[in-house]
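In what follows, a structure is listed as structure tokens, so that the remarks can point back to it.
The values are calculated or read from the model by the stated rules, or taken from the named source; none is laboratory data. In this text the structure is predicted, and so the values were computed from the model without any measurement. So basically every Cβ, Gly included, is an ideal-geometry build from the backbone, and we count neighbours across all protein chains shown. We work out accessible area using only protein heavy atoms, side chains counted, and drop any ligands, DNA or RNA first. Shrake-Rupley method; radii C 1.70, N 1.55, O 1.52, S 1.80 Å.
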Amino acid sequence: MNIQSKLAFTYITLLSIGVIVISSYAILSIRSFLLDEAIQKFESDAHTFAASFEVDGQQDNLFSKVKFVAELTGYRVAVFDSIGDQLISYPDTGFVEVSQFLNDDVQRELSATGKPLIINREELENLIVFERIESNNTNARYLRISQPKDELYAAEASISHLIYGAMVGSILVVVVISFFFARYLARPITQLKEAALDISNGNLDREINLKRSDEFGTLAKSLNQMAGTLKADNEKLKTLNEKQNQFFADITHEVRNPLHSISGSLEMIELENLPEEKKQEYLQVARRQIQRITRLFEDIKTLQRYEYDESFITKKEFDLKGLIDNVIQVHAPVAEEKKIKISNNIKRNTKVFADPDKIEQVIENLISNALKYTNEGEISIYGEEEAQGLSVSVADTGIGISEEHLSRLFDRFYRTDKARSRDKGGTGLGLSVVKGILKAHNSEINVESEIGKGSTFSFSITRLPQ
């Protein structure tokens, strides 16, 4: 049974019970009301008829008066003498048993209360009223009128038929309305269910157009937001998967080339007639390639530690200018060979708070990168004061980087010119390592570049302990 049928069945059951209960209560109320009205009317009629026997009452016309009252009202009328014997009854059938009710107790109660006495017992088919007749010229001292209860409830039966008919009609209306109402309530539930199934099956473009301000509308908005979030996460996962696949492909490629060089060098060394000079040359080639592979895996290990080990950096206060001077001194031979000037424009005793070894690695990578892609001119390091620290820039007058490469420049193994970069002995992870180190220092690396004019890499570093 689906939700719509369940809702309809529930509404029909509850509303039908309500209609039946209300109808039954109405019938019982009407029945009680009619009986109360009949009793009041009986009391009034008994008092009026008894009074009529007290006025100009004659023994000779007693029967005619009883007959007149009975035919006029439709009651069964009887009169009794002072000792309770029945004098006259009209009509005279069916009253033998009820005459027995006029006993001493009834007479005493009539005398004591001075009001009509109602006799209404469940086992009796008639409603009976006794009334005392005051002194007159006849022997009649007590009046009894009665009426079958079925006649009293005749109107109630007609009304009951109307109520039962209305009840059946109401239940039919309830059935129809319940199905429509259940359909109205079940429609958004069905839409939400279908949308949830579509989303679970991977259709993240599904949107629920449910323009409601109730809980269903809120749930629809939540599902739409969930689908949007899942879609965004799915896109991120796709991008991450693509990067991961590219990462493994790049590692394979980066390792394969050095291994081929090592394998080729070893094969050449094994030649019997190879001169000693050539053997040493091939040994140097093999060593350089081994060092290249070692640097590659060291860089990968460093990146992984930056991402997952927050305690990998140890901050302390140190002189930034002195650290940069040491790095420049290491690269001075290459700079002199290419006739490139490296200048450190940061003031002496510029204290910063960071991991000196890791910041040295950042500066080393940036200067090394600048030397590779600068053929003439100079490389300048600047420091600019900021609110909480120092902005460090490494600018060169090299070949520059086109705008299309800037967004992916810090991705692992990404090279703007793969052939030239490999020729220069890089692993393709230098800028990724730089980004990882600075991220561990809560800083970002930024780059500005123009083809033919050079590039500027900049980052911020804290001056005081945080």
Exercise. Filter the stretch 52-80 for residues that are touching an Asp or Glu at 6+ places or on another chain (Cβ under 8 Å) and part of a helix (DSSP H, G or I); which is nearest to residue 135 (Cα to Cα)?
Worked result: 54
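Considering only residues that are of a type in the set (Gly, Ala, Ser) and in contact (Cβ under 8 Å) with a residue 24 or more places away in the chain, look in the stretch 323-356 and name the one that is most open to solvent (accessible area, probe 1.4 Å).
Step one: of the stretch 323-356, the residues of a type in the set (Gly, Ala, Ser) are 332, 335, 343, 354.
Keeping just the survivors that are in contact (Cβ under 8 Å) with a residue 24 or more places away in the chain gives 335, 343, 354.
Working: 335: 4, 343: 20, 354: 0 Å².
The selected residue is 343.
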Exercise. For the stretch 11-25, how many residues meet the condition of being surrounded by fewer than 16 Cβ atoms within 10 Å (Cβ to Cβ) and touching a residue at least 60 places away in the same chain (Cβ under 8 Å)?
Worked result: 1
Exercise. Among the residues of the stretch 326-347 satisfying the criterion of being over 60 Å from the mean Cα position of the chain (by Cα) and outside any helix (DSSP H, G or I), which is nearest to residue 384 (Cα to Cα)?
Worked result: 343
Exercise. Out of 53, 63, which single residue is in contact with a strand residue (DSSP E or B) (Cβ under 8 Å, 6 or more places away or on another chain) and at pLDDT below 80?
Worked result: 53
Exercise. Which number in (1) modelled with pLDDT of 85 or more; (2) within 54 Å of the chain's Cα centre (by Cα); (3) more than 17 Å from residue 449 (Cβ to Cβ); (4) buried (at least 18 other Cβ atoms within 10 Å of the Cβ) marks the one condition that residue 413 misses?
Worked result: (1)
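When you scan the stretch 376-392, how many residues do you find that are touching a Gly at 6+ places or on another chain (Cβ under 8 Å) and at negative phi? Break it down into steps so the answer makes sense when it comes.
Narrowing the stretch 376-392 to residues touching a Gly at 6+ places or on another chain (Cβ under 8 Å): 377, 390-392.
Filter again for at negative phi, leaving 390-392.
Result for the stretch 376-392: 3.
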For this session: Quick one: count up the residues across the stretch 387-406 that are out of contact with any Asp or Glu (no Cβ under 7 Å at 6 or more places or on another chain), within 11 Å of residue 449 (Cβ to Cβ) and of a type in the set (Gly, Ala, Ser).
Result: 3
Problem set entry | Checking residue 74 against (1) under 30 Å from residue 27 (Cα atoms); (2) of a type outside the set (Phe, Trp, Tyr); (3) modelled with pLDDT under 70, the condition it does not meet | (3)
Exercise. Any idea which of 359, 363, 381, 367 is within 50 Å of the chain's Cα centre (by Cα), under 16 Å from residue 459 (Cα atoms), open to solvent by less than 10 Å² (accessible area, probe 1.4 Å) and not hydroxyl-bearing (Ser, Thr, Tyr)?
Worked result: 359
For this session: Those residues that are within 60 Å of the chain's Cα centre (by Cα) and crowded, with 16+ Cβ neighbours inside 10 Å, I need them from the stretch 27-71; list them, please.
Result: 27, 30, 31, 34, 35
For this session: Only residues that are in a strand (DSSP E or B) and under 13 Å from residue 332 (Cα atoms): list them for the stretch 363-382, please.
Result: 378, 379
Seminar exercise, completed: Filtering the stretch 271-298 down to residues that are β-branched (Val, Ile, Thr) and either closer than 15 Å to residue 429 by Cα or open to solvent by 50 Å² or more (accessible area, probe 1.4 Å) (or both) yields 290, 293, 294
